[in-house]
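J.: Sharing a structure, written as structure tokens. Questions coming.
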Amino acid sequence: MKYKYPAVFTYDEDAILVDFPGLDGCYTDGVDEKEAFENAEDVLNLELMSRENHGEAIPAPMAVRDIKIPAHGFIGMIQADTTAYRKKVDKKTVRKNVSIPSWLNQLAAEHNINFSNVLQNALMRELQVE
């Protein structure tokens, strides 16, 4: 799933603090703007992915006009793509048992076909996952 949420970036003495209004407990920081934006994208993906995994409601993003901006801060829009993020970070494999006709197994073996690779590619194509 793809999302876009506003984040409040606040300059502190030695860091930039990042908070997502309306997503309790979703915050991070960075030593500079580049790191703060990278960390904000990472924590947003983690938060939303966790909520998806647990079947929890995903709140609508807070309207920018309703967010109070601190004197030493600004609002940045952060995008999250939990499908792409899962693909990037979840390297765990799951064993599946499949049944195919004997003749097809024989033919695939003769051609040194990697069944796991073929199944993964077919599933990604079927599910339209890049």
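J.: List the number of the failed condition for residue 46; all other conditions in (1) assigned to a helix (DSSP H, G or I); (2) open to solvent by 90 Å² or more (accessible area, probe 1.4 Å) hold.
T.: (2)
J.: Say whether the condition of being part of a loop (DSSP other than H, G, I, E, B) and either in contact (Cβ under 8 Å) with a residue 60 or more places away in the chain or buried (at least 17 other Cβ atoms within 10 Å of the Cβ) (or both) is met by at least one residue in region 25-38.
T.: yes
J.: Something else now. In region 107-124, what count of residues is obtained for those that are in a helix (DSSP H, G or I) and surrounded by 10 or more Cβ atoms within 10 Å (Cβ to Cβ)?
T.: Summing the residues that are in a helix (DSSP H, G or I) and surrounded by 10 or more Cβ atoms within 10 Å (Cβ to Cβ) in region 107-124 gives 12.
J.: Does residue 87 count as closer than 30 Å to residue 113 by Cβ, touching a residue at least 24 places away in the same chain (Cβ under 8 Å), open to solvent by 70 Å² or more (accessible area, probe 1.4 Å) and under 16 Å from the mean Cα position of the chain (by Cα)?
T.: yes
J.: Please tell me if residue 73 is open to solvent by less than 30 Å² (accessible area, probe 1.4 Å) and at pLDDT 95 or above.
T.: yes
J.: Is there any pair linking a residue in region 52-67 that is within 15 Å of residue 26 (Cα to Cα) to one that is among the aromatic types (Phe, Trp, Tyr), with Cβ under 9 Å and at least six apart or on different chains, and which?
T.: 58/3; 61/3; 61/5; 61/20; 62/5; 62/20
J.: OK, next. Can you confirm whether residue 95 is open to solvent by 70 Å² or more (accessible area, probe 1.4 Å) and modelled with pLDDT under 95?
T.: Spelling it out, residue 95 is indeed open to solvent by 70 Å² or more (accessible area, probe 1.4 Å) and modelled with pLDDT under 95.
J.: Could you say whether any residue in region 71-87 is of a type in the set (D, E, K, R), outside any helix (DSSP H, G or I) and under 30 Å from residue 12 (Cβ atoms)?
T.: So far as region 71-87 goes, yes, one or more of its residues are of a type in the set (D, E, K, R), outside any helix (DSSP H, G or I) and under 30 Å from residue 12 (Cβ atoms).
The values are calculated or read from the model by the stated rules, or taken from the named source; none is laboratory data. Just so it is clear, the structure is predicted and the values come from calculations on it, not from any experiment. Please note: Cβ atoms are built from the backbone with ideal geometry, for glycine as well, and neighbour counts cover all protein chains shown. All accessible areas refer to the heavy atoms of the entire protein, side chains included, with ligands and DNA or RNA removed. Shrake-Rupley method; radii C 1.70, N 1.55, O 1.52, S 1.80 Å.
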